[in-house]
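Visitor: Below: one structure in structure tokens.
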Amino acid sequence: MTQPTCDNPTGTIRILNAPFNSVAQLTPNAPRPAGGNPYLFVSLVPGTYRLTLTVNGCTSAPRTIVINPAPAPVLTLANVVVTQPTCTTTTGYIQVLNPPAGATAQLTPNAPRPSGGNSFLFSFLPPGTYRLTLTAANGCTSAPLTIVINQAAQVITSFTLVNADTDTDIGPLANGMTLNLATLPTQNINVRANTGPGSIDRVVFSLNGPTSHGQTERVAPYTLFGDDGAGDYFGHTLALGRYVSLSAQPYSDTGCAGTPLEITFTVINEPVTPGTITYTLVNANTGFEFMALTNGAVLDLATLPTRNLNIRANTNPATVGRVEFALSGAQTWSQTEMVPPYALFGDDGAGNYFAWTPTAGGYTLTATSYTPGGIAGTPRTIAFSVTDGAARTTLASAAASPAAAARKAAVGTEFTALVKAYPNPSDGQVSLLLPEALQGEVSYTLVSALGAKVSSGTLQAANGATALRLDFSRQMQASGVYMLHLTSGHTQAHLKLLRR
């Protein structure tokens, strides 16, 4: 007889030297003898069995055999106490009750060591998912028990604009965004508050503006205008104007008030007619849209999830012959885009936007679309401004060090003005004069006028002003305009190269 072990929770029974032609029976519910050996019973769960042997019609008296439980300790929530965080305590506790003599407890990942003299009490546990095991004195370890320590207070992470007709997401609703009802797939919309992990008792909404509304939601999805409980969003058409606040306040099951999220936004309704251009601010890291960029908009870099931006021109029709951009103000830039997406600072030809980190200040942006035949549409000009609530650099400190000023100018596309390419136009062989502000490894991407990437690689720029020679004669075989994009850390530049 073989009893269960730490690694095998079942036992076996084997009859040795059984008489010829004898038959073995094991009850109750015993598996049939394994393989060709009629005297071997395997995979026996813990319990009491009766074994008999029959020879020539005569049956032996039954023998009682006990298969013991596996020696590994059993760990369930019945013998574990979990203390969740409260409104005033941000961490939790886990304690094992009545552990077997000689046993030890293990909690992963990154669990604090058991507290004080109690080796079965784990304290000061931050919110997260933990695995608790118990190892007996014989070395056998229990199956892991998964325990979740909840957030003491919930958090609203973001808002999402929802199409209430189809119950699908339109996109994020961020602070400072302008919603143009004319460009949305529907005016029947809703707003969903997205929460962090953990349980929630309710989310309390407050909307203040041309339309004012309050809502308390107790089950997900947590929506400003509610739903039917089965995910069918109720719709609402927002009145035009500026909404001074949309806030959502979460509360936990214990009544703790979590971290609210509050934003402002504006609703307009400007129909798009053929040839009209509108602008969209884009997250260059993800390609996702932030907001419509309209005349008079103010962008605060400190409130955006990234400083790597781009601006897309939306044309009507969606595909035109080309779009010409001109940006002036705190920074200047011009760009011609031949294929969508028509981005002010370009993309790699596969829809991955190149990044622009704007300098704080005022800007004027004009874009003109052209038909494939070269007929110009009506230029679209807007003015907008950029602020940086997180900026700490003063004009005095910038002026104190020319090198610091050069590095500051190298942030974002400001660096473009510090890079010189010559000769330009060229036969494809060009030298780059890189200033002191750019040192180390520099990545480059060469893009054709059609947006196709024709070359990429890295350069090594030494300290100080350095001229680097590049040979693009094979890649720039066709005459025309090419864009050379340079990046190094947080610095970047975009150069227009002309092929003779």
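The values are calculated or read from the model by the stated rules, or taken from the named source; none is laboratory data. Here the structure is a predicted model, which is why all the values come from computation and not from measurement. Glycine gets a Cβ as well: all are built from the backbone with ideal geometry, and neighbour counts include every protein chain shown.
Residue by residue, here is whether (1) surrounded by fewer than 20 Cβ atoms within 10 Å (Cβ to Cβ); (2) of a type in the set (A, V, I, L, M, F, W, C); (3) closer than 18 Å to HIS494 by Cβ holds:
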position: ASN308; (1), (2), (3): yes, no, yes
position: ARG312; (1), (2), (3): no, no, yes
position: VAL320; (1), (2), (3): no, yes, no
position: ALA367; (1), (2), (3): no, yes, yes
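Visitor: Give the residue that is farthest from the chain's Cα centre (by Cα), with candidates limited to residues of the stretch 163-196 that are under 21 Å from ALA297 (Cβ atoms) and part of a loop (DSSP other than H, G, I, E, B). Break it down into steps so the answer makes sense when it comes.
Guide: The initial filter retains those residues of the stretch 163-196 that are under 21 Å from ALA297 (Cβ atoms), namely 170-184, 189, 191.
Still in the list and also part of a loop (DSSP other than H, G, I, E, B): 173-176, 184.
Working: LEU173: 16, ALA174: 16, ASN175: 19, GLY176: 22, LEU184: 25 Å.
Checking each candidate, the answer is LEU184.
Visitor: Still on this structure: When you check VAL339 against the structure, is it under 24 Å from ILE170 (Cβ atoms) and not small (Gly, Ala, Ser), yes or no? So that I can check it myself, show each step before the final result.
Guide: Numbers: under 24 Å from ILE170 (Cβ atoms): no; not small (Gly, Ala, Ser): yes.
No.
Visitor: Quick one: in the stretch 322-362, of everything that is crowded, with 20+ Cβ neighbours inside 10 Å and of a type in the set (A, V, I, L, M), which residue is nearest to GLY480 (Cα to Cα)?
Guide: So the residue we want is VAL323.
Visitor: Something else now. Quick check: is even one residue across the stretch 2-9 part of a loop (DSSP other than H, G, I, E, B), at pLDDT below 85, over 27 Å from SER119 (Cβ atoms) and not β-branched (Val, Ile, Thr)?
Guide: The answer is yes; a qualifying residue exists.
Visitor: Say whether the condition of being modelled with pLDDT of 90 or more and either of a type in the set (D, E, K, R) or surrounded by 14 or more Cβ atoms within 10 Å (Cβ to Cβ) (or both) is met by at least one residue in the stretch 252-259.
Guide: At the first step, the residues of the stretch 252-259 found to be modelled with pLDDT of 90 or more are none.
There is no residue in the stretch 252-259 that is modelled with pLDDT of 90 or more and either of a type in the set (D, E, K, R) or surrounded by 14 or more Cβ atoms within 10 Å (Cβ to Cβ) (or both).
Visitor: Hey, among the residues in the stretch 172-195 that are at pLDDT below 90 and β-branched (Val, Ile, Thr), which one's farthest from ASN269 (Cα to Cα)?
Guide: Here the residue is THR195.
Visitor: Condition first: surrounded by 14 or more Cβ atoms within 10 Å (Cβ to Cβ), modelled with pLDDT of 85 or more and either under 15 Å from THR59 (Cα atoms) or among the hydrophobic types (A, V, I, L, M, F, W, C) (or both). Now tell me which residues in the stretch 10-21 satisfy that.
Guide: The first filter runs over the stretch 10-21 and keeps only residues surrounded by 14 or more Cβ atoms within 10 Å (Cβ to Cβ), leaving 10-15, 18.
Now restrict to residues that are modelled with pLDDT of 85 or more: 10-15.
Within the stretch 10-21, ILE13, ILE15 qualify.
Visitor: Next question, about the same structure. When you go through (1) of a type outside the set (A, V, I, L, M, F, W, C); (2) out of contact with any strand residue (DSSP E or B) (no Cβ under 8 Å at 6 or more places or on another chain); (3) surrounded by fewer than 17 Cβ atoms within 10 Å (Cβ to Cβ) one by one for SER245, which number turns out not to apply?
Guide: (2)
Visitor: Within the stretch 218-234, work out how many residues are in a strand (DSSP E or B), under 25 Å from the mean Cα position of the chain (by Cα) and free of Cβ contacts under 8 Å to residues at least 40 places away in the same chain. Reasoning before the result, please.
Guide: As a first pass, look at the stretch 218-234 and keep what is in a strand (DSSP E or B): 222-223, 227, 233.
From the residues that got through so far, the ones that are under 25 Å from the mean Cα position of the chain (by Cα) too are 222-223, 233.
Adding the requirement that they be free of Cβ contacts under 8 Å to residues at least 40 places away in the same chain leaves 222.
Matching residues across the stretch 218-234 total 1.
Visitor: Here's something else I'd like to know. Taking the stretch 122-143 as the search range and keeping residues that are touching a strand residue (DSSP E or B) at 6+ places or on another chain (Cβ under 8 Å) and in contact (Cβ under 8 Å) with a residue 40 or more places away in the chain, which one is surrounded by the most Cβ atoms within 10 Å (Cβ to Cβ)?
Guide: Among residues in the stretch 122-143 that are touching a strand residue (DSSP E or B) at 6+ places or on another chain (Cβ under 8 Å) and in contact (Cβ under 8 Å) with a residue 40 or more places away in the chain, the one surrounded by the most Cβ atoms within 10 Å (Cβ to Cβ) is LEU134.
Visitor: Please determine, by comparing only the residues of the stretch 177-198 that are in contact with an Asp or Glu (Cβ under 7 Å, 6 or more places away or on another chain) and not hydroxyl-bearing (Ser, Thr, Tyr), which one is nearest to ASN283 (Cα to Cα). Write out each step before concluding.
Guide: In the first step, residues of the stretch 177-198 are kept if they are in contact with an Asp or Glu (Cβ under 7 Å, 6 or more places away or on another chain); the result is 180, 182, 186, 188.
Now drop any that are not not hydroxyl-bearing (Ser, Thr, Tyr), which leaves 180, 182, 188.
Details: ASN180: 19, ALA182: 22, ASN188: 26 Å.
Once the filter is applied, the top-ranked residue is ASN180.
Visitor: Might you check whether a residue that is in contact with a helix residue (DSSP H, G or I) (Cβ under 8 Å, 6 or more places away or on another chain) and in a strand (DSSP E or B) occurs anywhere in the stretch 339-354?
Guide: Filtering the stretch 339-354 for residues in contact with a helix residue (DSSP H, G or I) (Cβ under 8 Å, 6 or more places away or on another chain) gives 345.
Among the residues that remain, those that are also in a strand (DSSP E or B) are: none.
Within the stretch 339-354 (the criterion being in contact with a helix residue (DSSP H, G or I) (Cβ under 8 Å, 6 or more places away or on another chain) and in a strand (DSSP E or B)), the answer is no, since none of the residues qualifies.
Visitor: Moving on. Give the residues of the stretch 181-215 that are surrounded by fewer than 16 Cβ atoms within 10 Å (Cβ to Cβ) and free of Cβ contacts under 8 Å to residues at least 12 places away in the same chain, sorted by residue number.
Guide: SER212, GLY214
Visitor: Restricting to the stretch 235-272, give me the number of residues that are within 20 Å of PRO221 (Cα to Cα), more than 23 Å from the chain's Cα centre (by Cα) and assigned to a strand (DSSP E or B).
Guide: Total satisfying the criteria: 4.
Visitor: Something else: In this structure, does MET291 turn out to be in contact (Cβ under 8 Å) with a residue 40 or more places away in the chain, out of contact with any Asp or Glu (no Cβ under 7 Å at 6 or more places or on another chain) and within 22 Å of GLY373 (Cβ to Cβ)?
Guide: Details: in contact (Cβ under 8 Å) with a residue 40 or more places away in the chain: yes; out of contact with any Asp or Glu (no Cβ under 7 Å at 6 or more places or on another chain): yes; within 22 Å of GLY373 (Cβ to Cβ): no.
No: the conditions fail for MET291.
Okay, residues lined up against (1) at pLDDT below 90; (2) touching a strand residue (DSSP E or B) at 6+ places or on another chain (Cβ under 7 Å):
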residue: VAL282; (1), (2): no, yes
residue: ALA292; (1), (2): yes, yes
residue: GLY296; (1), (2): yes, yes
residue: LEU301; (1), (2): yes, yes
residue: GLN331; (1), (2): no, no
residue: MET338; (1), (2): yes, yes
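Visitor: Go through the stretch 469-481 and give me each residue that's closer than 25 Å to TRP356 by Cβ and at pLDDT 80 or above.
Guide: Within the stretch 469-481, LEU470, PHE472, GLN475, MET476 meet the criteria.
Visitor: Quick check on my filter: what residues within the stretch 227-252 are over 26 Å from ALA152 (Cβ atoms) and of a type in the set (A, V, I, L, M)?
Guide: As a first pass, look at the stretch 227-252 and keep what is over 26 Å from ALA152 (Cβ atoms): 227-244.
Answer for the stretch 227-252, where residues must be over 26 Å from ALA152 (Cβ atoms) and of a type in the set (A, V, I, L, M): ALA230, LEU238, ALA239, LEU240, VAL244.
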